[in-house]
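Some notes on the structure that comes next.
The numbers here are math on the coordinates, done by the rules we state, and not lab data. A quick note: this is a predicted structure, and the numbers were derived from the prediction, not measured. Glycine also receives a Cβ, built like all others from the backbone with ideal geometry; neighbour counts cover every protein chain displayed.
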């Protein structure tokens, strides 16, 4: 018995009236994925709209093509889309009477819009790098990925996270687009400078990479590379600190202090991925080998001493904790475990955020696995937001304006 809710979208909306309907739609678009009709794709203009192809992660259908990178809902909620095969029952994005609409089994759900791309897309650095492949864009932030290879997938790494397709996606990208495995700091500095010529478009900078455990101390190579990249970003600002987020491996307090002291960054996120030690060891074997679950939590607590409460976060790929045969037996059991661990983190000043699990084609958790219910994601998102309220934690560095990937942090503006 799965213990998974069979409630429909409308039934979930009625049961949880405090959960805004458009954020609910975003959550389910992430959960089920989308499929673009030819008519919808015909109005995606590469000269105007932001198209995919440079993400650090791939798609559910495994295709690397220039499709819309994201959608905007009527209230400004952004949806990072993952094109999904029709046999997996995605929502359909179609064109009707000149409007883009979301359909579910032929029923119109709502109107949507494509993202407009930034002005710097299509331009090149002095070294010839295509700027959109140096730094991507989210709603109001610049998205820097200086290293696209994760060493957990190497022979000595112990194994990458089973839901992750970073390496398989990188291999495909390098055969089809101008993608660098590692970015040149000069290209980063020039691209930030160009992006800032569009007044008011961006309010923050985000930086992440694959893990690199090499160095005298584990992750020293990763730390060095982050510092070089963040210093390149910082050249464009008069202030020593700017609104910014670093998503990195679980670094030691000394490593985090060095990053804080030497760069412009103001918040840090170290994704634990799954809030259960047993499942962490199974699903994230590289992280378990090089850090370990309890040490990962300790380093999150230590990070608060460096960056401060409300400046430290951790993400989970919600749903992987229910993957059979080793996951939790029921959604109630999984939710109880998630919220207990998230409360322990929140009590220490660490905010947890939800990324809805999407079974990407290039990952070990690929096709054919049962999705958790929409109600499960609603319950965990409400639970995480209630914990932030209870412990007075802000999430402005990872909210709907800056990121757009976490439905629970979208709730911060509504609940």
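Some observations on this one:
- Once both labels are positioned 7 Å from their Cα atoms along Cα-to-Cβ, the gap between residue 257 and residue 340 label points is 3.4 nm.
- Gained length - residue 47 relative to residue 127, 0.36 nm times residue gap less alpha-carbon distance: 26.5 nm
- Rg in Å to one decimal, and Dmax rounded to a whole Å, for segment 103-247 via C-alpha atoms: 17.4, 58
- Counting every other Cβ atom within 10 Å of each residue's Cβ, 143, 293 order from fewest to most as 143, 293.
- Simple spin-label estimate for residue 86 and residue 11 gives 2.7 nm between the two label positions (7 Å along the Cα-to-Cβ direction from each Cα).
- Max-minus-min Cα coordinates of the chain on each principal axis give 54, 47, 41 Å, with the largest extent listed first.
- Remark on segment 34-114: Rg and Dmax equal 12.0, 35 Å (Cα only).
- Ranked by the mean number of other Cβ atoms within 10 Å of their residues, highest first, the peptides 389-401, 115-127, 202-214 come out as 202-214, 389-401, 115-127.
- At R0 = 30 Å, FRET efficiency that the Cβ-Cβ distance of residue 105 and residue 329 yields, to 0.05: 0.50
- Normalised by the number of residues in segment 34-114, the average gap of Cα pairs under 8 Å and 6 or more apart makes the relative contact order 33 percent.
- Nearest-0.05 FRET efficiency for residue 228 and residue 63, computed from C-beta distance (R0 41 Å): 0.75
- Label separation (residue 389 vs residue 238): 4.1 nm, computed from points 7 Å beyond Cα along the C-beta direction.
- Between residue 309 and residue 277, the contour length at 0.36 nm per residue exceeds the alpha carbon distance by 9.1 nm.
- As a proxy for reagent exposure, ranking 145, 252 by other Cβ atoms within 10 Å from fewest up yields 252, 145.
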